[in-house]
Amino acid sequence: MRIIFLVDMDYFFAACEEVRRPEIRGKPVAVGADPKAGKGRGVVMTCNYEARKYGIKSGMPVSKAYFLCKDCIFIEPDFDYYERTSGKVMDILRGYADKFEQVSIDEAYLDASNRLGSYEEAETYAKRIKDRIMEELGLPCSIGISYNKLLAKMACQEAKPNGIKIVREGEGKKFLENMDIGELYGVGKKIREKLEKEGIKTIGQLAKSNVIELVEKFGKYGIELYNYSNGIDESEVVENYEVKSIGREYTFEKDEADLKNITSKYLELCDEAIKELKSKGFEFKTVTIKVRYYDFEEHIKSTSMASPSDSEEAARKCISSLVNGIEKGKKVRKIGVRFGGLVKALGQKKLSLYFS
Ligand code: TTP
Ligand code: MG
């Protein structure tokens, strides 16, 4: 029997902020760009559950979030701090797994099949993990437990916030049956629209559909969709090397003041970093640029994507808009570009093969 856990931190960036600023606890908090009284640009990266009560969510423009809740506390992101915290979380989690796979900054699969004999034991084990992370780091998380990765991941969504949800052997199909088709792992907007056109609105309906017809519509991915909808996923928890962010830096031979030259160098670094990111099968959520002027003054600017991407065009667009904020005419010594919030490209990526 396989026993797999998916541990996902709750409202991670905002929870990290609550740890070092206890005075904001219990109040609505969003991490993202400064909303500048509704005139600010940029998006919310995440927010705590108090802010979610007002309808604020990841990917929403900060201006909109501001109007939904004017009392919300907006905090500019501190990626280094979140990555350091993530490292501590992952170090703890690794100790609880036979096989360990980090999938994003705040999420990991643990295969603990060799250590546990039943789901009852697994539940106690999950409580221990949660308590340990709370005691040592002051952070809440949710845990999904099941016999495969797909169901562990979907169970975790149900467990949120701060909970544990188990889907036992034999319960997978029933667990998924009445869920909206969009909830299924691997189903993005385009697939969802296509399925809905066919009258398939729930995961249960997809599970009962004809697999040959699915293959005709979605290619090989149709089989995967069919299996997922039936709660089937044989994939293993695989140890991966740790990649938290991918970036490039460049120091000008002579301090450079021409914004056109500076911009084109930024874009060059962007293309190189995206190439590496793609070759490693990642998608990014955040884009950061750094500028160090001749007098060693340094500025960092960041933006966040509504959803993970590995698009060169999207990356270039973000970088161009961030570069707009650079002081014109001031001599620049060194620049850097960094893509963070990396996640492994999932089914969505494969889908692009069928819908371009
Ligand atoms: P998630 O785990 O998707 O979200 P979360 O931890 O904030 O909230 P939940 O309780 O629902 O799990 O993402 C982890 C972190 O990644 C999140 O804290 C901030 C960052 N992130 C972005 O920067 N942009 C985004 O669009 C999303 C979804 C997340
Ligand atoms: Mg999370």
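Computed from the coordinates by the stated procedures, all read-outs in this text should not be read as laboratory data. Remember, it's a predicted structure, so these values are computed and weren't measured experimentally. Backbone-built Cβ (ideal geometry, glycine too); neighbour counts: all protein chains shown.
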Kirkwood-Stokes translational diffusion coefficient of segment 70-222, alpha-carbon pairs, 37 °C, 0.692 mPa s, µm²/s | 185 µm²/s
Compute the acute angle (0 to 90°) between the alpha-carbon long axis of helix 119-137 and the principal axis of greatest extent of the alpha-carbon atoms of the chain; round to the nearest 10°.
-> 20 degrees
So how many Å³ per residue does the convex hull of the Cα atoms of segment 1-61 work out to?
-> 118 Å³
So what's the projected area for segment 42-116, the Cα convex hull averaged over all directions, in nm²?
-> 6.4 nm²
What's the angle, to the nearest 10 degrees (0 to 90), between helix 259-279's Cα axis and the longest principal axis of the chain?
-> 20 degrees
How high is the relative contact order of segment 122-201, given as a whole-number percent (alpha carbon pairs under 8 Å, six or more residues apart)?
-> 21 percent
Rg in Å to one decimal, and Dmax rounded to a whole Å, for the chain via C-alpha atoms | 21.8, 67
Considering only the other residues whose Cβ falls under 9 Å of the Cβ of Thr288, what net charge follows from Lys and Arg at +1 and Asp and Glu at -1?
-> +3
What angle, in degrees between 0 and 90 and rounded to the nearest 10, separates the Cα long axis of helix 312-323 from the longest principal axis of the Cα atoms of the chain?
-> 40 degrees
Sites matching trypsin sites (Lys or Arg not before Pro) across segment 231-314 that sit in DSSP coil, with at most 16 neighbouring C-beta atoms within 10 Å | Lys280
If each residue's Cβ is checked for other Cβ atoms within 10 Å, how do Glu171, Glu327 rank with the fewest at the top?
-> Glu327, Glu171
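In whole Å and largest first, what semi-axes does the C-alpha gyration tensor of segment 179-292 yield when each eigenvalue is scaled by 5 and square-rooted?
44, 17, 12
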In terms of the ratio Rg/(2.2 N^0.38 Å) built on C-alpha atoms, what value belongs to segment 267-344?
-> 1.11
Report the residue, chosen from Met45, Met60, Met154, that carries the largest GNM mean-square fluctuation when the chain is represented by alpha-carbon nodes joined by springs under 10 Å.
-> Met60
Connecting every pair of Cα atoms under 10 Å apart in the chain and solving the GNM, the largest mean-square fluctuation among Ile105, Ile164, Ile73 falls on Ile73
